[in-house]
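To start, the structure itself, in structure tokens.
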Amino acid sequence: MLRYFLENGLVNITDQHPKNWEEAIRVSAEVMKKNKLVTDQYVDQVISDVKEYGPYIVIVPGVAMPHSSAENSGVLGTGIGFTIMPETVSFEDGNPEKDAKLFFMLAAKDHDAHVKNIANLSDMLMEDGMVEDLMKVKNMDDYRDVMKKHNM
């Protein structure tokens with residue numbers, strides 16, 4: 001999967017410091033919008049969903065998977081964008097379990113592709129040391145080093 005992000009121009013190691021989780025979701029969407037996979041309408045829906053359902057997108061401490069339903073008309077294509085923030089972003093005050101630094105934004109034109117993307121991403125994140133290694137990435141050289149270490 002790490003190679004997928006690199007080869008498709010879907011890696012964003014940003015130096016932007018979002019002031020809150022909403023802005024962090026918008027920053028994480030930039031690489032998806034640049035690749036014409038989503039529109040602002042999709043991003044607005046992701047933010048609305050988190051406001052309505054809580055920080056369900058933080059799947060493990062340090063990792064967020066912003067996404068909305070496949071039926072959203074703001075989805076232009078299927079893909080996953082990966083953004084590394086310079087520092088963790090809090091989704092729930094006083095709960096570090098709901099902080100995230102690694103953002104994997106998902107978009108899919110259909111339900112099956114959506115489920116497949118989530119499964120592939122989950123498999124990658126469960127690899128020993130993967131999340132810890134990605135948390136230390138500061139630039140593309142670091143990213144390539146993690147790719148080599150994990151043969152991805």
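The values are calculated or read from the model by the stated rules, or taken from the named source; none is laboratory data. No experiment lies behind these values; they were computed from the predicted model shown. Quick reminder, even Gly has a Cβ in these numbers, built from the backbone with ideal geometry, and neighbours come from all protein chains shown. All accessible areas refer to the heavy atoms of the entire protein, side chains included, with ligands and DNA or RNA removed. Shrake-Rupley method; radii C 1.70, N 1.55, O 1.52, S 1.80 Å.
Brief remarks follow.
- Restricting the trypsin sites (Lys or Arg not before Pro) of region 115-152 to loop positions (DSSP other than H, G, I, E, B) with no more than 15 neighbouring Cβ atoms within 10 Å leaves Lys136, Lys138.
- Distant alpha-carbon pairs in the chain (separation over 25 angstrom), percent: 21 percent
- DSSP bridge pairs, the chain: antiparallel proportion in percent, nearest 5: 65 percent
- Model label sites at Asp128 and Tyr56, defined 7 Å from Cα along the beta-carbon direction, differ in position by 3.4 nm.
- Amide H contacts of Val89 (H built 1.01 Å from N, in plane; Pro and chain starts excluded): Ala100, Lys101 sit under 5 Å, all sequence-distant by 5 or more or on other chains.
- In the complete set of protein chains, residue-level accessible area for Thr88 is approximately 80 Å², probe 1.4 angstrom.
- Qualifying aspartates and glutamates (Cα of each under 15 Å from Cα of Lys51; at least 8 residues distant if same chain): Glu22, Glu23, Glu92, Asp93
- The figure for Glu52 is an accessible area of roughly 120 square angstrom, using a 1.4 Å probe on the protein chains alone.
- Rounded, prolate or oblate (a/c below 1.5 giving rounded, otherwise prolate when a/b exceeds b/c) for region 83-148 by Cα gyration tensor: oblate
- Loop-resident sites, region 1-110, for trypsin sites (Lys or Arg not before Pro), counting at most 10 other Cβ within 10 Å (DSSP): Lys19, Lys36
- In the calculated pair-distance distribution of region 42-123, the portion above 19 angstrom amounts to 36 percent of the Cα-Cα pairs.
- All lysines inside 17 Å of Lys33 as judged from Cα atoms, apart from same-chain residues fewer than 8 positions distant: Lys109
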